1. Testing B:Thr40 on (1) of a type in the set (Val, Ile, Thr); (2) more than 21 Å from B:Lys169 (Cβ to Cβ); (3) crowded, with 16+ Cβ neighbours inside 10 Å, one condition comes back false. Which one is that?
2. Determine, yes or no, whether A:Thr34 is more than 14 Å from every other protein chain (Cβ to nearest Cβ), surrounded by 15 or more Cβ atoms within 10 Å (Cβ to Cβ) and assigned to a helix (DSSP H, G or I).
3. Condition test on B:Lys169, is it more than 14 Å from chain A (Cβ to nearest Cβ) and within 26 Å of B:Tyr73 (Cα to Cα)?
4. Filter the stretch B:157-197 down to the residues that are aliphatic (A, V, I, L, M) and either assigned to a helix (DSSP H, G or I) or more than 26 Å from A:Gly71 (Cα to Cα) (or both) and list them by number.
5. For A:Val44, are the conditions met, namely being over 20 Å from the mean Cα position of the chain (by Cα) and either in a loop (DSSP other than H, G, I, E, B) or β-branched (Val, Ile, Thr) (or both)?
6. Applying the selection to the stretch B:27-73, what residues are within 22 Å of B:Asn188 (Cα to Cα), part of a loop (DSSP other than H, G, I, E, B) and either charged (D, E, K, R) or within 13 Å of another protein chain (Cβ to nearest Cβ) (or both)?
7. Keeping to the stretch B:128-155, report how many residues are in a helix (DSSP H, G or I) and surrounded by fewer than 16 Cβ atoms within 10 Å (Cβ to Cβ).
8. Of all residues in the stretch A:59-90, count the ones that are facing chain B (nearest Cβ under 9 Å) and assigned to a helix (DSSP H, G or I).
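The numbers here are math on the coordinates, done by the rules we state, and not lab data. Given the structure is predicted, the values throughout are model-derived calculations rather than measurements. With ideal geometry, Cβ positions are generated from the backbone for all residues, glycine too; neighbour counts draw on all protein chains shown.
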Amino acid sequence: MTRIKRGYIARRRRKKISLFASSFRGAHSRLTRTITQQIIRALVSAHRDRDRKKRDFRRLWITRINAVIRGVGVSYSYSRLIHNLYKKQLLLNRKILAQIAISNRNCLYMISNEIRK
Amino acid sequence: MIFPFPSPSPSLFLPLPLPPSFSDIWNNTWYPKAKDHINTEKTWYVVDATDKILGRLASTIAVHIHGKNLATYTPTIDMGAFVIVFYCMNKFSLLETCSYWYGSGFFLSNLTQYVNAEKVAASGKKRTQKLYRRHSGRPGGMKVETFNQLQQRIPERIIEHAIRGMLPKGRALFNHLKVYKGPDHPHNAQKSIELLIRDKRVQKQR
């Protein structure tokens, strides 16, 4: 077999992928082996968290709506609000309700009073 | 017929240039900026804990410290309020006020049913049966105390222990709770609001 030096092939490959890790902290953006490992971990997290993001935001919206709705009265809660929403077949989703709760709370109170009837 | 239009973006309906405070509030969930959670501008609440049931009181206080009663609640950011808790252990404060109202002929015997009311309450036999445990780290170093004994020793710790268990881990939120024995507290400058406890059964029934 003839002798083959590997030359710049590996270096080119590593340089290409290390751009992704250029904002990582410390050795994670400087050392090639660490870079490869950290990139794999970062992409795994991103993949898993794309699904988690949908869950996390829905949780946040629900908590925010609950916080505002419980301020209405002693026995009113998020669960009752949602039940009333479904009974009246109102299609407002939790994201919109949460944004209404922050920007214009009286509007949310009006909605909840209307559907309570 | 093909209508290859993208869904209308808000900029189509507003005159350009857009005002600086415009943002798409229906597609971006609100997240607090730095000016939304400055410590010096947070609300301060004050609660009188005498004769309130421990757990129910602690629950509402923890909700306010954590910020879960606010529409702007964010789990990653401390949006909650500060809470000052005070309660009177002094048996004579009630006697003094009664003497002032009714004249100096008021006897202590008339007050015996009220004198022990000036503490945090616990229903049932918890005064003698509820145990507070701590461990020094060494073998055989478990120390156990009853509710009564701890109330004699360090009464603030009872309320702090109850609320600490209801808050997320870490000292940041817990440091927003200030508990004082006696009716005075050093936070008069904060102009705190009275915290109304709306639990249906917070006052200890006699």
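1. Failed condition: (3).
2. yes
3. Yes, satisfied.
4. From the stretch B:157-197, those aliphatic (A, V, I, L, M) are B:158-159, B:162-163, B:166-167, B:172-173, B:177, B:179, B:189, B:193, B:195-197; that's our starting set.
Within the stretch B:157-197, B:Ile158, B:Ile159, B:Ala162, B:Ile163, B:Ala172, B:Leu173, B:Ala189 qualify.
5. Spelling it out, it is not the case that A:Val44 is over 20 Å from the mean Cα position of the chain (by Cα) and either in a loop (DSSP other than H, G, I, E, B) or β-branched (Val, Ile, Thr) (or both).
6. Within the stretch B:27-73, B:Lys42 is the sole residue that qualifies.
7. Result for the stretch B:128-155: 6.
8. Counting residues in the stretch A:59-90 that are facing chain B (nearest Cβ under 9 Å) and assigned to a helix (DSSP H, G or I) gives 10.
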